[in-house]
Each structure stands twice: as structure tokens, then as C-alpha cells.
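Asks: Handing you a structure now.
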Amino acid sequence: MGRFQDGPKVSELASTHWDAIVIGAGHNGLTAAAYLAKAGQRVLVLEARDRIGGACTIAEPFPGYKLGPCAYLAGLLHASVIDELQLEKRGFHWTPAIAGMFVPFLDGKSIQFWDDDQRCDDEIRRFAPEDLSGFQAMSKLKSRVRDKLRPTGPDDLWLDPFPTREKIETRLGDDPLAFKMLFEWSMSDMLDHFLTNDQLRYALLGQGVIGTNASPLDKGTAAVHFHHASGRMQGIPGQWGYVRGGMGMVSFLIADAAIESGVCIKTGVPVAEVVPGEYVQLECGTKIHSKTIVCNADPHVALKLLGGNVDSAWAKQVRRVPILGCTVKLNVALRELPNFKARPGVHENHHMGQINTPLNHEQWQKSFETMRKGELPEDIWTELYFQTAHDPSVAPEGRHTMSVFAQYVPYEFADGKSWDQMRETVKDRVMTTLSKYCSNIPEAVEQVQVLGPPDIEREVGLTGGHIFQGECMPEYLWEKRLSAATPMSGFYMCGAATHPGGSVIGVNGRNAASVILNAMKS
């Protein structure tokens, strides 16, 4: 599944006329290819690794367990891509995680932020009744900003190739809190504005720094939270959920759509050089010609491929965006689901959503500062997901998978130790954290795969191990994100470094194809 080493030989590819060559078979590259081919273009997709999907793929780190190296949940995949590429007809099945987010505390308290408004209100009324009205007001703020910037249909600013600050301001109108959330507030600022209960705020702080090299006390992190809450999967605002078979199915089904439209996908063929408007040269030395070259790899990889053919101003724009990852992904094989002391049981409602182990403000800041020094923090924030609670097909019968997304970890350790030397220590630090909340950890754990930033860089091809091809803070979003078109004639970008940003979205690739097709007409 996801492998395309067979098919035409490289020599045949070199002798074929291609209207467009896409470098990288991540989900956005495959999406761009599918749309270009649907428009009648002859498209070749080249992938360096032996499997398509990039960060959104399916691997088998342990026999019988199907897990992805990075992506684990779908919430921002664009409706246009789902509908226009007929993904549901091809087998795409998405289950909303209506259990929302569960947060246990070491004092035995816990809260579950249901995606059902009434159930969520009931939880907050029980946990922090003084903050119910504030929580509702915060939810309404996110809802109205979503409706103004990302309405259903063609007026969604994620479909705008260049959504300027002026356009955003016009859409928002007189809404000062919306401006604060999008451009000024830290996650802590936003929570402080609406909430007073300390534990309620601690429960939500991590939602402002997912995949972000920043503290939730840093300006701009409220916008990171909004970015992740702005989707409308299957028409449900802000909803995330599980893809049957694993997140990699998104890439595989988009590939099916691309192939049906005539796209040729070839894996195991690394590109060594790009001459815009002319050709790509493979590591084996073969040149494959095309006037249109589309890069799904991150922009730092693009700089290397372009070499002396790069525009200096564009290179400067690329380099201004931080791209150093600070997250670690643990793929875990379990005998049974974790038994949380705050709400005992090994197959409860909270296992159907996501679970966060919280940190307070001081712990967050110290953890962030420690990581920036190149050291492993004592306190690790974790976000947990259990695909098998919805879809047992991805593990052997009676067994479970756990995806652990944790931060902060350094890309490099200040004492000179490698990630291979520190991998067991990182694993133990995360498992020790979970054992404080779960009575059956580590006993329920069978096997663990630890992927730090250098591992993600090596195995997925993301520079710095940054899962979003660069930070998604306000100063790097909207019109400040890279455009699909570049100053290098015939060279385009289509990955997460382009608008609207990172996550499994697909519209980056769709937008790039639209820009390319318009350029071909002119």
C-alpha cells in the first residue's frame, strides 16, 4: 500500500513529454497532481522515498500495527478536495471524535470538553461553574471568526491565493476581540480574558502550541489555536476525527484520484537538481524535462534543489520562517487502553477523543526554556489519540494503538548526545508522565517507536523535523505565507509552507494547481 516502485523505468520517464512534474508525493503534491491531470495535463509525481504520503502515510513500526509517522487525526481536510476528488466514493470514511478532549489532573479531578455543546456545558458547570459564560463567549468568538473568514463555499479565505490583512480586516469588521485572537493574544492571554479557574485554563493551554516552537505565553499562539479550530469536516465546525484505516488513507485515496486522471507516480527516485522551466535531474543523473515544476517538499529542500537558480529575495523570504521542530511522536502498541486514575476504565468515552496531560503556566515556560537550551525538560506535555477505539482494523485483535504527540524536545542536545543516545531517555520521560495519570502504564505498553525532530526530518523529509514546513504563527500566515507562484518562472510550491499552512488540508495543492492552470492560460 502506498508503494509505486514499479511501472515505467526512469529512461521511459525521461523520454516522455510532461506538462508538469511534481516533486514529492505528500498529500498536497498528490492533490496538485490530481487537479492538474483533471484539467488535461500530463503529470509525473516523483517521490524520493519508497512510500507515498510523506507525513500523512501508513507504516507498520511493529508487526500488525498500522501507524503514521506524523499525522493521526483529520480536522482541516478541505471539503472542496473531498468532494471534487470524490474521496468518499473512493472509500474515505471519517468518524467525528465527538468525545472532544479529556484532561485528567493529578488531584483526581478531570474534565471532558465534549464537542456536543450541551454536554460540554454540563461538564464546565460541574467543574468550574463560574466560568461557563466565559467559556461560551470564547467559543462564540471562534465561531464568528470562522464564519467570517472561512464561510462554507467559494468565499473561504483559505481558497484565496493572497488573503491580505486588508481583506481579513474587512471581513471581521468592528470586532476587537477577533483582532486580538488572530494577531495579538497568546493562548494564555485569551484564556485569561475569558476564564478565571486555574485548572480550566491549564487544561486548554496546550491547544495554542500544537507543533509550534513557542510557549503558550508567547504572543500569537491564540492564532495557532484558531488555525486548528477553523475547519468544517463534513460540515461540523471545528470538528476533528478519525479516518478509517489510518490517516495515510487520505494520501492513498487522493493518489487513486490522481492515477484515475492519468497521473504517473514513481517512488524511490530522489531529485538532485531543479532548473526552473526546463528539467529536474535525478540523483542517478537522468534529466526529465518539463516547463512546469511543482515542489511539494519544504522550501529549504527547494533551496537546495534550485541551487544557483534561486531568486535571492525569495530565498530570504524562505529563511525568515523558523523551521526547527520541537515535537516528538511516539507510536505505541498497547495490550489495553490506558486506565486513567481520574476516570477509571479501559474503554470509556474519553478514549474516543483526544487526551491531554496538562501543565501550569510555570511548567510550560520552564519546559520551553529548557528545550531552547538543548536540554530535555522534566515536564512534558502530551496529547494522546487511540485509533483503535474507533477502528480496530489497524492493530492485531485485542490490541490497541496509541499516538503520543509531545513537546518540548530539542532538535539537538546541548551535551552533544545524539537522538539515538537519548531516545530511551525521551521515551522514559514520556512514559513516566503518563504513569502519573494512568494506573496501567507502563504495564500495558508492548512496544514504542520514538520519532524526534531529526527522525522526522530523515524519515519524512521535513527540514528541522517541523511538521508544518515552518511556523504557523500570525507573522507567517495568510499573505505572509509562501505563495504557490515563485519568482522562478515555471517553478511552483504546493506544500504546507504555502497558504493556508500546515496540517492535512489538501487545499494547498488545490490552490497551487489553480495558480498553475491560470498561468498556463496566459
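Asks: If you bin every alpha carbon distance in the stretch 350-408 into 5 Å steps from zero, what whole percent lands in each bin?
Replies: 4, 19, 20, 16, 13, 10, 10, 7, 1
Asks: A further question on this structure: Tell me, rounded to the nearest percent, the portion of alpha carbon pairs in the stretch 246-376 spaced more than 17 Å apart. Working shown, then result.
Replies: Details: 6581 of 8515 pairs.
Counting every Cα pair in the stretch 246-376, those more than 17 Å apart make up 77 percent.
Asks: Now for a different question. Hey, can you rank 153-162, 7-16 by average C-beta count inside 10 Å, highest first? All intermediate terms of the calculation are to be shown ahead of the outcome.
Replies: Details: 153-162: 15.4, 7-16: 13.0.
By packing density, highest mean first, the sequence is 153-162, 7-16.
Asks: Using the heavy atoms of the protein chains alone and a 1.4 angstrom probe, what is the accessible area of the stretch 225-321 per residue in square angstrom? Write down the numbers at each step before the final one.
Replies: Values: 3670 Å² over 97 residues.
For the stretch 225-321, the solvent-accessible area averages 38 Å² per residue.
Asks: For the stretch 378-418, with every protein chain kept in place, what is the accessible area per residue (1.4 Å probe, Å²)? Intermediate results must be reported in sequence, preceding the final value.
Replies: Working: 1510 Å² over 41 residues.
That works out to 37 Å² per residue.
Asks: Normalising by the residue count of the chain, find the relative contact order in percent from Cα pairs under 8 Å and 6+ residues apart.
Replies: Numbers: 1140 pairs, mean separation 126.3, N = 522.
Relative contact order of the chain: 24 percent.
Asks: Okay, moving on. Give me the Å³ per residue figure for the convex hull around the C-alpha atoms of the stretch 1-67.
Replies: Working: hull volume 6.4 nm³, N = 67.
About 96 Å³ per residue, rounded to a whole number.
Asks: Let me ask something additional. Over the stretch 8-78, with the other protein chains present, what is the accessible area per residue in square angstrom, probe 1.4 angstrom?
Replies: Numbers: 2170 Å² over 71 residues.
Accessible surface, normalised per residue, equals 31 Å².
Asks: How much mean residue ellipticity at 222 nm does the chain get from its helices, if each DSSP H run of length 4 or more adds -39500 (n - 2.57) and you divide by all residues, to the nearest 500 deg cm²/dmol?
Replies: -9500 deg cm²/dmol
Asks: Let me ask something else. Which loop-located GluC sites (Glu not before Pro) does the stretch 409-509 contain, where loop means any DSSP state but H, G, I, E or B and the Cβ has at most 16 other Cβ atoms within 10 Å? Intermediate values should be presented prior to the final figure.
Replies: Details: sites: Glu412, Glu424, Glu443, Glu446, Glu457, Glu459, Glu471, Glu475, Glu479; in loops: Glu412, Glu443, Glu471.
Qualifying residues, ordered by number: Glu412, Glu443.
Asks: What accessible surface, in Å², does a 1.4 Å probe find on Trp240, ignoring ligands, DNA and RNA and rounding to the nearest 10?
Replies: 50 Å²
Asks: Right, next: When the accessible area of the stretch 320-413 is computed with all protein chains present and a 1.4 Å probe, what percentage of it is carbon and sulfur?
Replies: Working: 1540 of 3430 Å².
Summing carbon and sulfur atoms, their accessible area is 45 percent of the total for the stretch 320-413.
Asks: Have a look at the DSSP beta bridges in the chain and tell me what percent are antiparallel, nearest 5. List each step's numbers first, then the result.
Replies: Working: 42 of 60 bridges.
Restricted to the chain, the bridges split so that about 70 percent are antiparallel.
Asks: Ignoring ligands, DNA and RNA, what percent of the 1.4 Å accessible area of the stretch 66-200 is carbon and sulfur?
Replies: Working: 2930 of 5950 Å².
Carbon and sulfur atoms account for 49 percent of the accessible area of the stretch 66-200.
Asks: Report the full-extension gain for the segment His17 to Asp192: residue separation times 0.36 nm, less the Cα-Cα distance, to one decimal in nm. Numbers along the way, then the final one.
Replies: Values: separation 175, 0.36 × 175 = 63.00 nm, distance 5.89 nm.
Working it through step by step, the gained length comes to 57.1 nm.
Asks: Quick check: with the 1.4 Å probe, what order do Thr286, Thr57 take by accessible area, largest first?
Replies: Per-residue accessible area, sorted high to low, gives Thr286, Thr57.
Asks: In the P(r) worked out for the chain, what percent of Cα pairs fall beyond 29 Å? Walk me through the numbers on the way to the answer.
Replies: On the way: 67508 of 135981 pairs.
Across the chain, Cα pairs with separations above 29 Å total 50 percent.
Asks: Restricting the calculation to Cα positions, tell me the Rg (one decimal) and the Dmax (whole number) of the stretch 327-454 in Å.
Replies: Here Rg and the maximum Cα pair distance are 14.9, 43 Å.
Asks: Order these peptides, 389-399, 273-283, by their mean beta-carbon neighbour count within 10 angstrom, highest first. Show your work: numbers first, answer last.
Replies: Numbers: 389-399: 15.8, 273-283: 18.2.
Those peptides, ordered most packed to least, come out 273-283, 389-399.
Asks: Sticking with this structure for a sec: Can you tell me, using C-alpha contacts under 8 Å and at least 6 residues apart, the relative contact order of the stretch 415-522 as a whole percent?
Replies: Values: 92 pairs, mean separation 17.4, N = 108.
Averaging sequence separation for qualifying contacts and normalising by length gives 16 percent for the stretch 415-522.
Asks: Ordered by packing density, taken as the mean number of other Cβ atoms within 10 Å over each peptide's residues, highest first, how do 341-352, 508-519 rank? Don't jump to the answer; show the numbers that get you there.
Replies: Working: 341-352: 16.8, 508-519: 23.1.
So the peptides 341-352, 508-519, ranked by packing, come out 508-519, 341-352.
Asks: For Lys373 and Glu443, what does the FRET efficiency come to when R0 = 41 Å and r is the distance between their Cβ atoms, rounded to the nearest 0.05? Display every interim value, and only then the final one.
Replies: Numbers: r = 34 Å, r/R0 = 0.82.
Given R0 = 41 Å and the Cβ-Cβ separation, E is 0.75.
Asks: May I pose another question? For the stretch 80-111, run through the chymotrypsin sites (Phe, Trp or Tyr not before Pro) and keep only the ones in DSSP coil with at most 10 other Cβ atoms within 10 Å of their Cβ. Can you show the working numbers first?
Replies: Working: sites: Phe92, Trp94, Phe102, Phe105; in loops: Phe92, Phe105.
Here no chymotrypsin sites (Phe, Trp or Tyr not before Pro) fit, given the DSSP loop and packing criteria.
Asks: Sort Arg150, Arg42 by heavy-atom solvent-accessible area, probe 1.4 angstrom, most to least. Intermediate results must be reported in sequence, preceding the final value.
Replies: On the way: Arg150 15, Arg42 130 Å².
Heavy-atom accessible area, descending, gives Arg42, Arg150.
Asks: Oh, and also: Heavy-atom accessible area of His289 with all protein chains present, probe 1.4 Å, nearest 10 Å²?
Replies: About 100 Å², rounded to the nearest 10.
Asks: Per q in 0.14, 0.20, 0.22 1/Å, what log10 I(q)/I(0) does a Debye calculation on the alpha-carbon atoms of the stretch 386-522 return?
Replies: -0.87, -1.19, -1.28
Asks: Calculate the spin-label point distance for Arg90 paired with Thr170, positioning each point 7 Å from the Cα along the beta-carbon direction, and give it in nanometres.
Replies: Once both label points are built, they end up 3.5 nm from each other.
Asks: Follow-up. From zero outward in steps of 5 Å, how is the percent of C-alpha pairs of the stretch 456-507 spread across the bins?
Replies: Pairs per bin, as whole percents: 5, 21, 24, 25, 18, 7, 0.
Asks: Determine how large the accessible area of Cys56 is when every protein chain is in place; take a 1.4 Å probe and give Å² rounded to the nearest 10.
Replies: We get 0 Å² for Cys56.
The values are calculated or read from the model by the stated rules, or taken from the named source; none is laboratory data. Just so it is clear, the model here is predicted, and its values are computed rather than measured. Note that we place each Cβ from the backbone using ideal geometry, even for glycine, and neighbour counts take in every protein chain shown. Note: accessible area is taken over every heavy atom of the protein model, side chains too, but ligands, DNA and RNA are not part of it. Shrake-Rupley method; radii C 1.70, N 1.55, O 1.52, S 1.80 Å.
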